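A short worksheet on the structure shown next.
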Amino acid sequence: MIKTALLLPLILLSQSLLFSQLALAVDGYKDIYLDRERPVNIHSIFCGPNLKNLRALKPAYVYTNSEHIEEGTYHYTSRYGNFSYTFKALEGQQPSQILARGLLKAGETNKNKMVKELCIVGKINGLPAQLSKNINKVTLSVNDPEWDLVMVKYAMFGKPAFGEGVYKDQRTIAKHDEHDQKVYVANQAYLANLEQQFEKQFNQIVNQFPKKLEDAIKYAHQEDGFLKTKTYSIIKEPNVWTPIAKERFDTQQRQLGQKKDWDIIIQKNFDWFFDLTGKDNSLISTQLLSPSEMRWVKGSLQKLATVSATFSNGNILELDFLVTSKNVSQGYFETLEEIKHQAMLVRNSPIAQSREPRKPVALPKDNILTVYTPTEKTVIFFSSFREKALGDTYRYQ
């Protein structure tokens, strides 16, 4: 219980302050920001619409570099949005003990929406012990090893601003920048490693092209016209149509159809080649020409290889093969600015802040990248050019 001798002065004080606080306004007061490179004082205070009912006062925290709370506007952010405290000294009152405060929520700047209150910011003789002991000040030195932990402890009451719209201290920002930079550098190293893997597999694939082209031409001369004399086995219907017999008969029919279709594709390849070069041209040599530059296209690596065949009549057939890789996650291609933005969303989100932003990626394992070209088998060597569906091109001159 509050002693009667103390209660009357507090009521009179409250009435006079209520009159004074009508003049409270943000205009004319400086914005006060916290400096990480100076000692920080965390003031535990109590505020309410008046001082008649001390039990109704609510706690709040103010961060300063000064010993006492100064007149001006202190900015904060929390999971509920941005807000500010504007403190004003009152005539005839000790500013180290009592101040008027204007609260603006949700980033509001209209002073007409300010919630005006009175705050006990320092020890006052006669206050109840339970209240008085909670009005205090915690001081953090610049190099206090518990600095981050203490600031996190009070963060639920609002994070202080270190500059206009900046709610991370310079050291934390520097630490985050260093982390994000490592993520970016690791991504670039990851992509560079994939490029090395691609180059190695590319060379393994395209170095086979001259021999494959030579074999394909020989195969075409050897097998051309095979469909005219080729016969296929006749599939007899079962004597008794049971479910199993019907399933076996349908499977054989399907396999026979696939075989016929495949043979037609092979003959079409031969037809395309001989329509282009003629059947009388004999092959003199094949060679691999200088490939194009490697490039990233929509998350996959691509490189064009050209193999040429020179014939006895002096004509040359050049076939362009597009060698490509499977897609790589787009996350590895993010710019440093994009990485910072994604990390900021995690660090500043009340929901996501419990998990850390992504860590720098390790180098990929050997042969993790799948590299391929549509032409892998000799018998379909010309299919990609005949159908013109895979992006490969050719020239005959």
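The number of residues in region 109-146 that are acidic (Asp, Glu) and free of Cβ contacts under 8 Å to residues at least 24 places away in the same chain comes to 2. Check region 251-272 and report whether any residue there is of a type in the set (Gly, Ala, Ser) and closer than 27 Å to Phe321 by Cα. No, region 251-272 has no match at all. The sole residue among Lys246, Lys236, Lys200 that is assigned by TED's automatic domain parsing to the domain that holds Val361, part of a helix (DSSP H, G or I), of a type in the set (Lys, Arg) and over 25 Å from Leu304 (Cα atoms) is Lys246. Tell me, yes or no, whether region 340-356 has at least one residue that is over 30 Å from Glu318 (Cα atoms), crowded, with 17+ Cβ neighbours inside 10 Å, in contact with a helix residue (DSSP H, G or I) (Cβ under 7 Å, 6 or more places away or on another chain) and modelled with pLDDT of 80 or more. Scanning region 340-356, I find at least one residue that is over 30 Å from Glu318 (Cα atoms), crowded, with 17+ Cβ neighbours inside 10 Å, in contact with a helix residue (DSSP H, G or I) (Cβ under 7 Å, 6 or more places away or on another chain) and modelled with pLDDT of 80 or more, so the answer is yes.
Among the residues of region 126-136, not a single one is within 33 Å of the chain's Cα centre (by Cα) and at pLDDT below 90.
Could you tell me whether Leu289 is within 49 Å of the chain's Cα centre (by Cα), assigned by TED's automatic domain parsing to the domain that holds Thr373 and surrounded by 17 or more Cβ atoms within 10 Å (Cβ to Cβ)? For Leu289, the condition - within 49 Å of the chain's Cα centre (by Cα), assigned by TED's automatic domain parsing to the domain that holds Thr373 and surrounded by 17 or more Cβ atoms within 10 Å (Cβ to Cβ) - is not met. Taking the criterion of being at pLDDT 90 or above and within 30 Å of Gln170 (Cβ to Cβ), the residues of region 101-125 that qualify are Arg101, Gly102, Leu103, Leu104, Cys119, Val121, Gly122. Candidates are the residues of region 200-227 that are among the aromatic types (Phe, Trp, Tyr) and either touching a Ser or Thr at 6+ places or on another chain (Cβ under 6 Å) or more than 26 Å from Ser325 (Cα to Cα) (or both); the one that is surrounded by the most Cβ atoms within 10 Å (Cβ to Cβ) is Tyr219.
Number of residues in region 161-205 that are within 24 Å of Lys365 (Cβ to Cβ) and in contact with a Leu (Cβ under 6 Å, 6 or more places away or on another chain) equals 5. Just one of the listed residues (Thr77, Thr4) is within 26 Å of Val152 (Cα to Cα) and modelled with pLDDT under 95, and it is Thr77.
Only residues that are aromatic (Phe, Trp, Tyr) and more than 19 Å from Leu213 (Cα to Cα) were counted across region 274-306, and they come to 1. Would you confirm whether or not region 255-266 contains a residue that is within 17 Å of Phe311 (Cα to Cα) and either aliphatic (A, V, I, L, M) or surrounded by 11 or more Cβ atoms within 10 Å (Cβ to Cβ) (or both)? Checking region 255-266: not a single residue is within 17 Å of Phe311 (Cα to Cα) and either aliphatic (A, V, I, L, M) or surrounded by 11 or more Cβ atoms within 10 Å (Cβ to Cβ) (or both).
The values are calculated or read from the model by the stated rules, or taken from the named source; none is laboratory data. Just so it is clear, the structure is predicted and the values come from calculations on it, not from any experiment. Counting neighbours? That spans all protein chains shown, and the Cβs are built from the backbone with ideal geometry, glycine included.
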